[in-house]
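Below is one structure; the comments refer to it alone.
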Amino acid sequence: MNNLSDISIRKVIQNSQRRFGFTLAEGATHIARLADVRRYAFTLAEVLVTLGIIGVVSAMTVPSLMQNYQRQSYVTQLHKVYNELSQAAMQYMTDNNAVNLKEAGLTNAVSIDAFVKKYFKVVKECGTNGTDCFGSGYKKIDGSGLSPTFNSEKSRSYVLANGASIGIIINSNNKIQIHVDINGSKGPNIIGRDVFALILYENGLLDDYCTEAPCEKETRETKFNSYCTGSSDGIWWGCFGKILNDNWEMTY
């Protein structure tokens, strides 16, 4: 019975066609036997091994993909705040018919307050008590703690409509220093991830800390290696400059 003749097979096919109403493809002369189908099926062991390999590959790649996505999300948010600050600075100089921000009058906390309120949509004002606008604790990339000071008579802090918190202060070198937490008080509150320090220079450019903007790439790299990835408490510089050097990508 296992070795059916061609005549017997044809009869089986003809009977099946009449009974079930199907036809074979043109040129087909026989149907596969069950044993042939079983011969090419995967065994349970093969399926389990394949699934195991897929699981291992997923475990290795998915976290990295998620991490890259999150970092790009941080950069996108930072770039948005950067653009808003840049446009506001240029408009401020235009509106005051000035060649630079100093000539336009952006020189103290009072003028900073007027500048922010005019060119940004502010949802919360924290005045000199910046801790109300920022997170309660910050740390650096290497895990070391950081205790930033947002409270100063020379500073003003705000939460913007885009969700970012900004603290602006005229520092000891008469530079306009801006602290940006791109997602407000939400985590992770890590310098170089969702928190950055920028300088708004007299010419209206935003950059890392240097003599004048635009900063040289070598200077930015030095700041990055010395401060962003280091454990120097109280120093925020280097992270933003590294992102500028790497064409708005967070490569660290």
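The values are calculated or read from the model by the stated rules, or taken from the named source; none is laboratory data. As the structure is a computational prediction, the values presented were derived from the model and not from experiment. Here Cβ is always computed from backbone atoms with ideal geometry, including for glycine, and neighbour counts include all displayed protein chains.
Observations, loosely collected:
- Checked against (1) at pLDDT 95 or above; (2) touching a strand residue (DSSP E or B) at 6+ places or on another chain (Cβ under 8 Å), GLY234 meets all criteria but (1).
- Residues (over 22 Å from TYR227 (Cβ atoms) and either part of a loop (DSSP other than H, G, I, E, B) or charged (D, E, K, R) (or both)) located in region 129-153: ASP132, CYS133, SER136, GLU153
- Selection status of SER231, farther than 30 Å from THR94 by Cα and touching a residue at least 60 places away in the same chain (Cβ under 8 Å): yes
- Pair list, Cβ < 9 Å and 6+ apart or interchain, from region 137-151 residues that are within 18 Å of CYS126 (Cα to Cα) and modelled with pLDDT of 85 or more to residues that are surrounded by 12 or more Cβ atoms within 10 Å (Cβ to Cβ) and not hydroxyl-bearing (Ser, Thr, Tyr): GLY137/LEU146; GLY137/ASN189
- ILE166 in contact with a Lys or Arg (Cβ under 8 Å, 6 or more places away or on another chain), among the β-branched types (Val, Ile, Thr) and either surrounded by 14 or more Cβ atoms within 10 Å (Cβ to Cβ) or not in a loop (DSSP other than H, G, I, E, B) (or both): no
- From ALA109, ALA114, residue being touching a strand residue (DSSP E or B) at 6+ places or on another chain (Cβ under 6 Å), within 14 Å of TYR158 (Cα to Cα) and of a type in the set (Gly, Ala, Ser): ALA109
- Inter-residue pairs, beta-carbon under 6 Å, first under 30 Å from ALA104 (Cα atoms) and in region 183-201, second modelled with pLDDT under 95 and of a type in the set (D, E, K, R), 6+ apart: ILE199/LYS175
- Matching residues in region 172-187 - criterion: being farther than 15 Å from SER157 by Cβ and among the hydroxyl-bearing types (Ser, Thr, Tyr): SER172
- Of all residues in region 59-111, those satisfying the criterion of being of a type in the set (Gly, Ala, Ser), more than 16 Å from the chain's Cα centre (by Cα), assigned to a helix (DSSP H, G or I) and surrounded by 11 or more Cβ atoms within 10 Å (Cβ to Cβ) are SER86, ALA88, ALA89, ALA104, ALA109, SER111.
- Of all residues making up region 169-201, the number that are in a loop (DSSP other than H, G, I, E, B), surrounded by fewer than 22 Cβ atoms within 10 Å (Cβ to Cβ) and touching a Leu at 6+ places or on another chain (Cβ under 7 Å): 0
- When restricted to residues that are of a type in the set (Val, Ile, Thr) and loosely packed, with under 14 Cβ neighbours inside 10 Å, region 221-252 contains 1.
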